[in-house]
Amino acid sequence: MGSSFVRAAAACVLLLVATACGGSEQPPKPSGPPELSVADYQQKLDGLVAAIRPLTEQLNPAATLEQVNQVRGRLGAVLGEQHTAFSAFAPPKSAAVPHRALIEDLSSFGTDLRKPISGTGDNSCGVPSPEALSLHEAKVATRKTLGRPTTAPLPEAFTKAGLQFAGWPLPPEPAMPELETRRPGNGELLQRGPGGPTTVTIANNSGKLDAVVFAVAGEDPARPLASVFVRRDSTVTLSGLSVPFELYYKFGNDFDAQRRGFTRDCEYRRVHGALDTPGRWSVGIDTSTLGKSMLLRLTPSGASDYRSVRIAEAAPF
């Protein structure tokens, strides 16, 4: 009996030893990133702004597109580093929600700003954009990236958490460069073909863009009965036209007489539905006019005659 008791006691000791060594217990779970106090988190936010501000201040003085892309690259790198740093700690519990939004912004900024902006390629008018305009647009695009709507709620959210964050330090809106803007006189005829008894009064209501209006018999706007320059917010009466014809519009800025077209901000419209009755027609459209619209005709007796037509975007011509 004594030996049996000894063996049982030894087994018990072995079991206790195994249990004490952790044989049946789970290993301790790793702790999460350290949670910062409000004061320490505020110091991180201040450091974030201090790291970005010198770079955003370099944006508007940049004199070339290459320099803008250099600033963007440095900004992207710094914001990427800040994303890594802010992901390594936990915020005060009161700032958990804005902290997550801040990290998401840092991640997307770091990716977007490292992409260079190209100034090559034709614009909406089919010509290369002026270098000064490409430079301005690159600065505006960079500023817009940092001022994206997702950032707008952050200052108020951090204030509620007892912290101060005024948003990303944006540079001022860059000044618009002075660009050449050539404009014939309002009502200047640019092309003139065979005449007729019909007139059309054309109102350009765009507010921002000049227009060239073409009276076209057939499908080729390059061979119109006539074309006339209509300045923005102006009216022109084009006479001596033979029916039937349709109206084509070129809207834009800076008219190049050699190419008979604009060099910036081009939009194209076509009034579908031929004017096939002689008389005095009237039409007013702008770049936002699409779909059904009305043409007015004054009859010889002085009465009004309305005609419904469709105004649609046209292929560049």
Answer yes or no as to whether Asn186 is farther than 30 Å from His99 by Cβ and modelled with pLDDT of 95 or more.
yes
Just checking, does the stretch 65-83 include any residue being in contact (Cβ under 8 Å) with a residue 24 or more places away in the chain, of a type outside the set (S, T, N, Q), within 17 Å of Ala138 (Cβ to Cβ) and not in a helix (DSSP H, G or I)?
no
Residue check for Thr237: modelled with pLDDT of 95 or more, in contact with a Ser or Thr (Cβ under 9 Å, 6 or more places away or on another chain) and polar (S, T, N, Q):
yes
Within the stretch 83-122, the count of residues that are more than 14 Å from Leu154 (Cβ to Cβ) and crowded, with 18+ Cβ neighbours inside 10 Å comes to 5
Inspect the stretch 195-206 for any residue being loosely packed, with under 14 Cβ neighbours inside 10 Å and under 30 Å from Leu275 (Cα atoms) and give the result as yes or no.
yes
Could you grab me the full set of residues in the stretch 219-238 that are open to solvent by 60 Å² or more (accessible area, probe 1.4 Å) and among the small types (Gly, Ala, Ser)?
Ala222
Can you confirm whether Ala157 is over 30 Å from Tyr249 (Cα atoms), among the small types (Gly, Ala, Ser), touching a Ser or Thr at 6+ places or on another chain (Cβ under 8 Å) and in a helix (DSSP H, G or I)?
no
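Wholly within the stretch 242-285, which strands (runs of 3 or more DSSP E) include no fewer than the required count, namely at least 2 residues that are within 30 Å of Ser134 (Cα to Cα), in contact with a Ser or Thr (Cβ under 8 Å, 6 or more places away or on another chain) and open to solvent by less than 10 Å² (accessible area, probe 1.4 Å)? Before the answer, list the steps.
On the way: elements: 245-256, 261-275, 280-285.
Because the criterion is at least 2 residues that are within 30 Å of Ser134 (Cα to Cα), in contact with a Ser or Thr (Cβ under 8 Å, 6 or more places away or on another chain) and open to solvent by less than 10 Å² (accessible area, probe 1.4 Å), the strands (runs of 3 or more DSSP E) in the stretch 242-285 that meet it are 245-256.
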Total residues in the stretch 289-316, condition open to solvent by 90 Å² or more (accessible area, probe 1.4 Å) and in a loop (DSSP other than H, G, I, E, B)
3
Contacts under 8 angstrom Cβ, first residue in the stretch 34-59 being over 12 Å from Arg74 (Cα atoms) and touching a residue at least 24 places away in the same chain (Cβ under 8 Å), partner open to solvent by 60 Å² or more (accessible area, probe 1.4 Å) and part of a loop (DSSP other than H, G, I, E, B), 6 or more apart:
Gln42/Gln164; Leu45/Gln164; Val49/Ala166
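The values are calculated or read from the model by the stated rules, or taken from the named source; none is laboratory data. Quick caveat, the model's predicted, so the values are computed rather than measured. Methodologically, a virtual Cβ is constructed for each residue, glycine included, from the backbone with ideal geometry; neighbour enumeration extends over all protein chains shown. Side chains are part of the model used for accessible areas, which takes the heavy atoms of the whole protein and leaves out ligands, DNA and RNA. Shrake-Rupley method; radii C 1.70, N 1.55, O 1.52, S 1.80 Å.
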